[in-house]
Structure formats: structure tokens, C-alpha cells
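Below: one structure, written as C-alpha cells.
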Amino acid sequence: MRRIAILTTVLFAGTLSLQQISFAQAKPMKAKSAKEGQAFNAILQAPDPDARIKAANELITNFADTDFKGIALYLEAEAYQMKNDSDKAIVYGEQAVEADPKNYQALVLLAKTYAATTKANDLDKEEKLTKTEKYANSALEVLKTAEKPNTQLTDAQWTEGKNDLMGQCYLALGIVATYRNKMDDAKANFTKVAELDPDPTDLIRAGRALIDAKKFEEAITWLDKAAASPNANAQVKSIAEADKKRAQAQIKK
């Protein structure tokens with residue numbers, strides 16, 4: 001679960017509902033009927049990923065022309081990601097981008113999911129890396145001019161939210177560079193992750209990609225940074241230390 005939650009005001013069925021969920025679309029959207037509004041609200045209020053997936057499918061099926069399609073598809077993709085179903089997260093993430101090419105959260109989700117599911121010995125490694133790079137760069141481009149999704153956000157809050165999203169993009173690009181053995185580019189991108197991204201587990205993911213690519217000394221650098229992060233709790237520090245020991249053991253062989 002990411003630390004940043006961007007508040008968005010969603011207009012539907014003649015009422016305002018403030019939800020602590022971050023949406024890429026800044027334009028106010030209004031449901032065309034009370035039932036459509038209720039169907040969308042069911043997605044927001046879903047108690048678990050399975051309920052959210054069910055509610056999103058019901059909205060899209062029953063209200064084919066809904067303005068909320070891109071959001072619903074993104075939330076469905078995110079729900080599948082929470083269930084560790086990367087394949088379906090990608091399917092619905094790509095549908096979300098098809099519905100709204102400027103849905104930067106869907107773009108970030110796709111970049112990170114493709115990066116996370118790529119391994120050094122994959123036969124389709126280059127295809128995955130190409131998609132990772134495409135989605136990460138697209139998200140960074142959209143974020144350059146993205147407006148606040150909620151006018152109630154302060155400039156500082158919006159900057160923090162964008163920095164978090166950009167940090168995730170640079171993580172994906174760093175992983176691409178690692179597997180392409182472009183280590184200067186990998187270092188530059190992972191440095192941006194450390195500067196922008198408040199979630200130290202992303203530095204652990206950087207370390208693990210480097211371990212997979214047999215770049216053990218480089219991996220230790222980023223695992224140490226993860227453990228030293230002010231946002232690292234005891235569990236994160238323990239994971240970073242365990243991964244560091246794995247890398248050290250490989251160096252000694």
C-alpha cells in the first residue's frame with residue numbers, strides 16, 4: 001500500500017462524494033442516472049479486491065457509455081494487483097489506458113507490473129522491457145502537465161503525490177536499464193527513486209532486480225539505502241537486510 005493518497009472530488013447523482021482514492025482524471029464527471037452513480041459508488045466502497053472487481057465489471061457492463069470507465073478499469077487493475085494477479089492487472093490496466101491515454105496511474109501501474117514480472121532469463125524479456133519503458137515514459141510525460149485532481153489539494157500535497165508517481169516510473173526505468181546492462185542509466189534512475197519516492201520498498205525492488213541481473217555489489221548499495229530510509233519500519237529493514245545477505249553470499253562464491 002503506497003503512502004500517498006490523493007483526494008479527489010467525484011460528482012455523481014447530483015451529490016458530492018469525497019473519496020480517499022487517487023484518480024488520474026481531473027475533470028469533474030457526473031453520472032447520467034442515480035443508478036449509475038450508485039454503481040460507481042459501489043466500486044469506491046468495495047470492502048475488498050474481489051468486491052471491487054465485481055462492482056467495476058457491473059458498472060462497465062450495465063453503463064457502457066459511463067464517464068467513469070477509465071477509472072473503473074484502473075481500480076479493477078489495481079484490485080487484481082492486490083490479489084497478486086499480474087496478468088489480469090496488465091489486461092485491465094491496458095484497457096484503462098485505452099479508455100483514457102492520460103490515465104497516469106494506469107500507466108504507472110503497467111510500468112511497475114511489467115518491470116516486476118521481468119526476470120533476467122525470460123524468453124520474452126526484451127518485449128517486457130520495451131513495454132515497461134513505454135508506459136513509464138508515457139506516465140512521466142503526462143505528469144509534466146497534469147493538473148491537480150482536486151482543487152482542495154495544496155501545491156505541496158500535489159507535488160508530493162506527483163513525485164511519488166514519478167519515483168515509481170524511474171524505478172521501472174532503472175530495472176529496464178539493469179537488464180540491458182546499462183549500469184550508468186540504472187544508477188541515475190535509482191537515484192531519482194531515492195530522491196522522489198517515499199516508499200523504501202521500491203529501493204528493495206531495485207536491489208532485487210540487480211541481484212537477479214547478478215549485479216550484487218550494486219544491489220547492496222540500494223538495499224542499504226532502503227534500510228536507511230526514514231520511512232523504513234522494522235519489517236522493511238529486516239527484508240532489506242535479508243536481501244543484502246543474499247547478495248553478499250553471492251559475492252563470496
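Observations, loosely collected:
- E147 in a helix (DSSP H, G or I) and acidic (D, E): no
- Assessment of segment 73-83 against the conditions (surrounded by fewer than 16 Cβ atoms within 10 Å (Cβ to Cβ) and either at negative phi or modelled with pLDDT of 95 or more (or both)) yields at least one matching residue.
- Residue in segment 235-249 that is touching a Ser or Thr at 6+ places or on another chain (Cβ under 7 Å), without any contact (Cβ under 8 Å) to a residue 40 or more places away in the chain and surrounded by fewer than 19 Cβ atoms within 10 Å (Cβ to Cβ) present: yes
- Test: I251 is assigned to a helix (DSSP H, G or I), among the hydrophobic types (A, V, I, L, M, F, W, C), more than 26 Å from D124 (Cβ to Cβ) and at pLDDT 95 or above: no
- Qualifying residues in segment 82-136 (those that are polar (S, T, N, Q) and in a helix (DSSP H, G or I)) - the one farthest from the chain's Cα centre (by Cα): T130
- Residues satisfying the stated conditions in segment 142-168, i.e. of a type in the set (K, R) and touching a helix residue (DSSP H, G or I) at 6+ places or on another chain (Cβ under 7 Å): K148, K162
- In segment 39-55, the residues that are within 9 Å of L75 (Cβ to Cβ) reach residues that are surrounded by fewer than 19 Cβ atoms within 10 Å (Cβ to Cβ) with C-beta atoms within less than 7 angstrom, at least six apart or across chains, in these pairs: L44/Q19; L44/I21; R52/A46; A55/A42; A55/A46.
- Residue match in segment 136-150 (condition: within 14 Å of I175 (Cβ to Cβ) and touching a residue at least 12 places away in the same chain (Cβ under 8 Å)): yes
- Residue list for segment 66-81, filter: in a helix (DSSP H, G or I) and charged (D, E, K, R): K69, E76, E78
- Only helices (runs of 4 or more DSSP H) whose full extent lies in segment 154-234 are considered here, and the ones with at least 3 residues that are in contact (Cβ under 8 Å) with a residue 60 or more places away in the chain are 155-179, 201-212.
Here's the yes/no breakdown for (1) more than 30 Å from L210 (Cβ to Cβ); (2) hydrophobic (A, V, I, L, M, F, W, C); (3) surrounded by fewer than 17 Cβ atoms within 10 Å (Cβ to Cβ); (4) touching a strand residue (DSSP E or B) at 6+ places or on another chain (Cβ under 8 Å):
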{"residue": "G37", "(1), (2), (3), (4)": "yes, no, no, yes"}
{"residue": "P47", "(1), (2), (3), (4)": "yes, no, yes, no"}
{"residue": "N62", "(1), (2), (3), (4)": "yes, no, yes, no"}
{"residue": "D87", "(1), (2), (3), (4)": "no, no, yes, no"}
{"residue": "I90", "(1), (2), (3), (4)": "no, yes, no, no"}
{"residue": "E98", "(1), (2), (3), (4)": "yes, no, yes, no"}
{"residue": "A111", "(1), (2), (3), (4)": "no, yes, no, no"}
{"residue": "D122", "(1), (2), (3), (4)": "no, no, yes, no"}
{"residue": "T132", "(1), (2), (3), (4)": "no, no, no, no"}
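The values are calculated or read from the model by the stated rules, or taken from the named source; none is laboratory data. Nothing here was measured: the structure is a model prediction, and the numbers come from that model. Here the Cβ is made from the backbone with ideal geometry for all residues, glycine too, and neighbour counts use every protein chain on show.
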